[in-house]
Amino acid sequence: CNNRVDGIVKHLKYGSVLVGHFRDDPEELDQVSKLFEGSKVKLSTTSSFLTARWDKLCWNIPFNGLAVAMGGITTDKIVTDPDLRRVAKELMQEVVTAGNADLKSRNCK
């Protein structure tokens, strides 16, 4: 998605939108979810916003970084090239290691 205009978010992939509460408050998250009931927006929720952020970074860091570093190639080129796929996997593992350490330091499950 992008949000180049204050208060407007344009979701580009047309799948569900994942939302969570910054402080993982389930009651406030439920209130937000109810705002979307009956809308055309498919909404998913997460009980841990921090965990969801690390999940997203597992994809974004390796693939966005490699795509740019290799001159703007697409994801399919990365996953079908054995060397780039190996590098992506290694980067993903680094993100998992960092994410797990961060979550553990914050006593997150």
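Using a probe of 1.4 Å, the accessible surface attributed to residue 39 totals some 60 Å² when neighbouring protein chains are kept in position. Expressed as a whole percent, the accessible surface of the chain that belongs to carbon and sulfur atoms is 55, based on a 1.4 Å probe. Annotation: residue 53 carries an accessible surface of approximately 120 Å², with a 1.4 Å probe and no ligand, DNA or RNA atoms counted.
Computing percent of Cα pairs over 19 Å apart directly from the structure and comparing it against (i) 42; (ii) 59; (iii) 36 singles out (ii).
Annotation: aspartates and glutamates with alpha-carbon distance below 17 angstrom to residue 89 (same-chain offsets under eight excluded): 55, 76, 81.
Give the accessible surface of the chain per residue, rounded to a whole number of Å², with probe radius 1.4 Å and ligands, DNA and RNA excluded. Don't skip to the end; give the middle numbers.
On the way: 8680 Å² over 109 residues.
Spelled out: the 1.4 Å probe surface of the chain, per residue, equals 80 Å².
The values are calculated or read from the model by the stated rules, or taken from the named source; none is laboratory data. What you are looking at is a predicted structure, and each value in this text was computed from that prediction instead of being measured. Note: accessible area is taken over every heavy atom of the protein model, side chains too, but ligands, DNA and RNA are not part of it. Shrake-Rupley method; radii C 1.70, N 1.55, O 1.52, S 1.80 Å.
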